[in-house]
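The values are calculated or read from the model by the stated rules, or taken from the named source; none is laboratory data. Owing to the predicted nature of the structure, the values given are computational and were not obtained by experimental measurement. Please note: Cβ atoms are built from the backbone with ideal geometry, for glycine as well, and neighbour counts cover all protein chains shown. Ligands, DNA and RNA are excluded from the accessible area calculation, which covers all protein heavy atoms including side chains. Shrake-Rupley method; radii C 1.70, N 1.55, O 1.52, S 1.80 Å.
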Amino acid sequence: TIDYEMIGINYDLLFNFGQATLEPESGLGVFPPTVSEDGKVWTIKIQEGIKWNDGEPFTAHDVAFTFNFIKDNKLAVFDDYLGDPVSFEAVDDTTLVWTMDKPTLSPLTPPWIPILPEHIWAPLDGESAATIKEFKNIPAVGTGPLKLVEWKEGQFVRFERNPYYWGEEPAIDEVIYRQFGNEEALSLALETGEIDFAEALSPQ
């Protein structure tokens, strides 16, 4: 769960989930998409003017790359979200065409897939899943409100505000996720004010 929480503040999805209803809504892509009469071809407009947290422009090519990267490299943890695709094609910087072998509603049940920057991840395309998993990816280039800038394994992960964030400006400048060896140490750190928040503490 904590992994997904950290992914979610560094990366954005193609479509978001509405906070009140969990219904799909615009994210990096504009909702709703348009669909062909046979239900196989979905055309999705991509938001304009968004930048990655390294200042590079974000385009539909990054979305197409991400989905093709997952499909071609058989990254199973995300692959199931895509159904049975024929292709993902960026016809220009702001248009993604998602083509399926059979009629689908996959784009309407937002795929929980962090959209990756092609200019960072393209060199890993075609590598083994093990090699891809070993990519340290720090700082992590994303479009989310915060960016991962430091990771000390077994100790902490640190995020800073993304200066290029396209949504509402984050109310905080920095978040540090600290790892504790046991619940007693975590509880004590909370009681003494060493940390601001703790989750998953037992009632004791």
Added length on full extension, which subtracts the Cα-Cα distance from 0.36 nm per residue, Ala129 to Tyr4
43.1 nm
Among Ala171, Ala20, Ala129, the residue with the largest mean-square fluctuation in a Gaussian network model of the chain built from Cα contacts under 10 Å is Ala20
Within 13 Å, Cβ to Cβ, of Glu160, how many net charges do the neighbouring residues add up to if Lys/Arg are +1 and Asp/Glu are -1?
-1
From the protein chains alone at 1.4 Å, what is the descending order of accessible area for Lys71, Lys133, largest first?
Lys133, Lys71
Note on region 109-164: alpha-carbon gyration tensor, axes a ≥ b ≥ c; rule is a/c under 1.5 for rounded, else prolate if a/b larger than b/c, else oblate; result oblate
Would you list Phe180, Phe69, Phe197 from the most to the least accessible area, probe 1.4 Å?
Phe197, Phe180, Phe69
Mean-square fluctuation maximum in Gaussian network of the chain, Cα pairs under 10 Å, restricted to Asn137, Asn68, Asn162, hits Asn137
I need to check one value: relative contact order of region 76-146, counting alpha carbon pairs closer than 8 Å and at least 6 residues apart, in percent.
24
So I have (i) 1.13; (ii) 1.46; (iii) 1.06, and one of them is Cα Rg over 2.2 N^0.38 Å calculated from this model. Which one is it?
(i)
Let me cross-check Ile132: its accessible surface, 1.4 Å probe, with only protein heavy atoms counted, in Å² to the nearest 10?
10
Please report the accessible area of Ser106 (heavy atoms, 1.4 Å probe, ligands and nucleic acids excluded) in Å², nearest 10.
20
At 1.4 Å probe size, what's the solvent-accessible area of Leu13? Round to the nearest 10 Å².
20
If we count every other residue with Cβ under 15 angstrom of Pro103's Cβ, Lys/Arg +1 and Asp/Glu -1, where does the sum land?
-2
Evaluate E = 1/(1 + (r/R0)^6) for Val30 and Gln204, where r is the Cβ-Cβ distance and R0 equals 41 Å; express this FRET efficiency to the nearest 0.05.
0.25
Label zone at Glu194 (point 7 Å along Cα-to-Cβ), backbone N below 14 Å, region 165-183:
178-183
Ordering Tyr164, Tyr11 by the accessible surface of their heavy atoms, 1.4 Å probe, largest first, yields Tyr164, Tyr11
For a quick check of your reading of the filter: which GluC sites (Glu not before Pro) in region 127-204 sit in a DSSP loop and have no more than 14 other Cβ atoms within 10 Å?
Glu127, Glu153, Glu168, Glu194, Glu199
Taking only complete DSSP H runs, can you tell me which helices of the chain stretch 30 Å or more along their own long axis by Cα positions and average at least 0.0 on the Kyte-Doolittle scale?
none
Would you look at the GNM of the chain, springs on alpha carbons closer than 10 Å, and say which of Asp93, Asp79, Asp101 moves the most?
Asp101
